[in-house]
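Participant: Take this structure first; my questions come after.
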């Protein structure tokens, strides 16, 4: 049976959400991301892109290229809310769904042509999403994930494109090889040095030549360039770890400030664990010094999701790592060894009062945001968490938490 794979991508998702909230942003160049010089652009509106701005670029450079741009720090919990609304609409309509990121989805519609017509169904689904959420979205439809994803990119902004079976190679041929998923800047540069810039060039090459340069990855590129991709959809991604990092706008040796941020990170991650009904058995603290040397230290701990346990251990690890003679550029906390389970009282440490306190605080956070209730010792820390539940198959949001 011929496969029918649908790829959906919300157009400039963070920007689109901000415009839903404030219509005055419509038609203006918008940048979402870290607001400091070391911040990173998480999303750029189409109006900003002609200036050379793109996601992943430093905010400092983006400001120089597009000084008229409106810069918005962004709110991850708001984006999560809108992403979930779209996810629920798609889940109700399709038989198999893969959520590749906060704004990107794959659906396997194989077999639906017999009853509905996959392109008609996809069009109706896209219109439903736009009508019910107000968010622009594009889709590509083909026999596999690679061609569908590329088709979505060609359909944007806010449009749709179907590639009929047998036309995969002609569709891909004139495009830049950089449009093939997994071909990043370094791979593209290497290919350019070989005189290979278009997908057609790769299609004309023997697969052995690609393998001689890139190994197994070369075969993968060659197959995708020829429209061949048998990858199945992955419906669920089990999170094995969660983490939070902060890059400072200015390197620091302020121990009080550093410990405040470490405490806030551990507190927020503990909340995320409890909210996802998870427990952790390993905690890691990370320090990157001004010379970019990075050091980590981890410790195994009894399964827990309690703030006081994780904060204490995080601060102990920080004290063991910290070299007072060097400026610090970045700190981070990571929880791993995650399993399903609820926080239970430790007979020798916890009281029912402590458990009740956590439950009450978490209810407030669920309603008003992850930083609506915090320890007094963390008041000096700015927003350090996304405020989302990183479990239940939800991919993490990457915003520019890189300034302080």
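Participant: Using the count of nearby Cβ atoms within 10 Å as a rough guide to exposure, how do 40, 213 rank from fewest to most?
Facilitator: Sorted ascending by nearby Cβ count, the order is 213, 40.
Participant: If you rank 175, 327 by fewest surrounding Cβ atoms within 10 Å, what's the result?
Facilitator: Final ranking by Cβ density, sparse to dense: 327, 175.
Participant: For the stretch 159-214 and the stretch 241-276, what is the separation of their C-alpha centers, rounded to whole Å?
Facilitator: 41
Participant: R0 = 22 Å: FRET efficiency of residue 312 with residue 257, Cβ-based, nearest 0.05?
Facilitator: Taking R0 as 22 Å, the efficiency between residue 312 and residue 257 is 0.70.
Participant: Per the Kirkwood treatment, what hydrodynamic radius in Å, one decimal, follows for the stretch 145-282 from the mean inverse distance over all distinct Cα pairs?
Facilitator: After inverting the mean inverse Cα-Cα distance, the result is 19.0 Å.
Participant: To continue, here is another question. Given the peptides 262-268, 329-335, arrange them by the average over their residues of other C-beta atoms within 10 Å, most packed first.
Facilitator: Result, highest mean Cβ count within 10 Å first: 262-268, 329-335.
Participant: Now, a different point. For the peptides 196-203, 141-148, 102-109, 315-322, what is the packing order when you average, over each peptide's residues, the other Cβ atoms within 10 Å and list the highest mean first?
Facilitator: With the highest mean Cβ count within 10 Å placed first, the list reads 141-148, 102-109, 196-203, 315-322.
Participant: Most exposed first by the Cβ proxy, i.e. fewest other Cβ within 10 Å, how do 177, 301 rank?
Facilitator: 301, 177
Participant: For the stretch 1-164, give the share of DSSP beta bridges that are antiparallel, in percent and rounded to the nearest 5; count only bridges with both residues there.
Facilitator: That works out to approximately 75 percent antiparallel.
Participant: By how many nm would the segment from residue 250 to residue 175 lengthen if fully extended, with 0.36 nm per residue of separation less the alpha-carbon distance?
Facilitator: Residue separation times 0.36 nm, minus the Cα-Cα distance, leaves 22.8 nm.
Participant: How large is the Rg to Rh ratio of the stretch 170-225 when both quantities use alpha carbon positions and Rh follows Kirkwood?
Facilitator: 0.90
Participant: For a bin width of 10 Å, list the pair-distance distribution of the stretch 1-103 built from all Cα-Cα distances, rounded to whole %.
Facilitator: Once binned at 10 Å, the Cα pair distances of the stretch 1-103 give 15, 40, 28, 13, 4, 0.
Since every read-out is calculated from the coordinates, none of them should be taken as a lab result. It should be emphasised that the depicted structure is a prediction, and the values quoted were computed from it without experimental measurement. Counting neighbours? That spans all protein chains shown, and the Cβs are built from the backbone with ideal geometry, glycine included.
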